[in-house]
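Enquirer: I'd like to ask you about the structure that follows.
Since every read-out is calculated from the coordinates, none of them should be taken as a lab result. Predicted, not measured: the structure shown is a model, and the values here were computed from it. Every residue, glycine among them, receives a Cβ derived from its backbone with ideal geometry; neighbour counts consider all protein chains shown.
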Amino acid sequence: MENAKKIKVLIVDDSIVFREFFSMAISSDSEIEVVATAKDAFDAREKLLQYRPDVMICDVEMPKMNGIEFIRKLMPQYPIPVIIVSSVCNSVFEALNAGAVDFIPKPDFGMLNNVQEFVNDMIKKIKVASNAKIVQSRPKSGSIVLTKETDSISADKIIAIGASTGGTSAIHKILKEMPPTLPGVVVVQHIPPVFSAMFAERLNNTTNLNVKEAKTGDYIEQGKVLIAPGDKHMRIKKVANKYKVECFDGEKVNGHRPSVDVLFESVAKEAGKDAIGVILTGMGSDGAKGLLSMKKSGAYTIGQDEYSSVVYGMPRAAYNIGAVDRQLSLDKIAASILDYIKKHSH
């Protein structure tokens, strides 16, 4: 069998300039081959059947049928890893909800650095996407029914969540099943700046919780979720009997800023056995060591299982070093957290 099998990519964008630029830029990597480009969804459908690509890069704004609608229609019949390219807008999250595995903001062509960074980022994302699993989302009918017992949840715990590729949908799924009495939550999702604030706002509008992008000095409180800003690390500090967050610049850790490890290590140190750590879908190993530190300091730790992960990288790394108390499928994680909190309330 030939060792150097290239990743076949289809590029869908209504702008010929973008199509040409993407093709050239991505093909510069020896592991990637752009097999075709398409100008709209209908053109793309033909090319998908003809070239059988491994990964599709798709613009959101297109004539005839936009990228989101296209993904919705495409996924049930032709599950393929899709990376969305978009200007800064909420439609990115719609696309991820529809089944795209990742997204990347369009570069500012006026800034050379910006364009080079975009190309490197895109190449990295294509390689991750080529191994991603398409998890068909099964829409549940009706909303979650919360039992009366949730009123008795104590707020003295802290929940820390880390995720990367596939994480925005996974985090949303967990948080929307949570009651407003949930102990405070801190989240690191690998996400570009600006999008972190939009992600927080989206969660705030679609869950029972009060969600915001974190700022230094914010307190972690019952019913509140703090999302790390897209270009800053986040750690927690205990002040009297409360916790607050610090967001700060710094070198990337494990290639990321924010880094899950930075958050988890601080939670291990400051909250010890009063914490719950959750590591979700994502490429690489960010968060594994931090989760192990949390477990060693008495925290309850959960890792997402392979079957329900879009990319089983981070949860696998954590599981392999013994950092995970329970490995669960995504749809069981919320219940496990609530169950643990009820049993261990002071």
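Enquirer: Could you give the dipole magnitude of segment 1-109 about its Cα centre, charging the beta-carbon of Lys and Arg +1 and that of Asp and Glu -1, in debye to the nearest 20?
Expert: Rounded to the nearest 20 debye, it is 340 debye.
Enquirer: Using only Cα atoms, tell me the angle between helix 16-27 and the longest principal axis of the chain; keep it within 0 to 90° and round to the nearest 10.
Expert: So the inclination is approximately 70 degrees.
Enquirer: Now for a different question. Multiply the residue separation of Lys237 and Gln50 by 0.36 nm, subtract the distance between their alpha-carbon atoms, and state the gained length in nm to one decimal.
Expert: Extending this stretch completely gives an extra 61.8 nm.
Enquirer: Summing -39500 (n - 2.57) over the DSSP H runs of n ≥ 4 in the chain and dividing by its residue number, what mean residue ellipticity at 222 nm do you reach, to the nearest 500 deg cm²/dmol?
Expert: The helix contribution divided over the chain gives -11000 deg cm²/dmol.
Enquirer: Identify, among Ile26, Ile126, Tyr51, the residue whose Cα sits farthest towards the positive end of the charge dipole of segment 7-129, taking +1 on the Cβ of Lys and Arg and -1 on the Cβ of Asp and Glu, with the dipole about the Cα centre.
Expert: So the residue we want is Tyr51.
Enquirer: On C-alpha positions alone, give me the angle between the axis of helix 195-206 and the longest principal axis of the chain, in degrees, nearest 10.
Expert: 60 degrees
Enquirer: Quote the relative contact order of segment 218-343 in percent (integer), defining contacts as alpha-carbon pairs under 8 Å separated by 6+ residues.
Expert: It rounds to 19 percent for segment 218-343.
Enquirer: Residue by residue, what Karplus-based ³J(HN,Hα) values in Hz, rounded to whole numbers, does segment 308-319 have, using 6.51, -1.76 and 1.60 with θ = phi - 60° and x for Gly and Pro?
Expert: For segment 308-319, the Karplus curve yields 9, 7, 5, 10, 8, x, 4, x, 5, 4, 5, 5 Hz.
Enquirer: For Arg326, Arg235, which order do you get if you count the other beta carbons within 10 Å of each Cβ and list the fewest first?
Expert: Ascending Cβ contact count within 10 Å gives the list Arg326, Arg235.
Enquirer: A follow-up question, please. Report, in debye and to the nearest 20, how large the dipole of the chain comes out about its Cα centre when Lys and Arg carry +1 and Asp and Glu carry -1 on their Cβ.
Expert: 980 debye
Enquirer: Along the three principal axes, how long is the chain when you take its alpha carbons, biggest first, rounded to the nearest angstrom?
Expert: Each principal axis gives a Cα extent; for the chain these are 61, 44, 42 Å.
Enquirer: Which one, Val85, Ala318, Asn97, projects farthest toward the positive side of the charge dipole computed for the chain from Cβ point charges (K/R +1, D/E -1)?
Expert: Of the listed residues, the answer is Ala318.
Enquirer: Moving to a separate point now. Mind ranking 166-174, 20-28 by how tightly packed they are, going by the mean number of other C-beta atoms within 10 angstrom, highest first?
Expert: Highest mean packing first, the order is 166-174, 20-28.
Enquirer: Run the numbers for Lys296 and Ser87: contour at 0.36 nm per residue of separation, minus the present Cα-Cα distance, in nm.
Expert: Result: 71.0 nm gained on full extension.
Enquirer: For Ser86, list long-range residues whose amide hydrogen, built 1.01 Å from N in the peptide plane, is under 5 Å from its own amide hydrogen.
Expert: Ile104, Lys106
Enquirer: On a 0 to 90° scale, report how tilted helix 41-51 is relative to the longest principal axis of the chain, with both axes built from alpha carbons and the result rounded to the nearest 10.
Expert: So the helix axis and the longest Cα principal axis differ by about 80 degrees.
Enquirer: Now for a separate question. Normalised by the number of residues in the chain, what is the relative contact order in percent for Cα pairs under 8 Å and 6+ residues apart?
Expert: It rounds to 12 percent for the chain.
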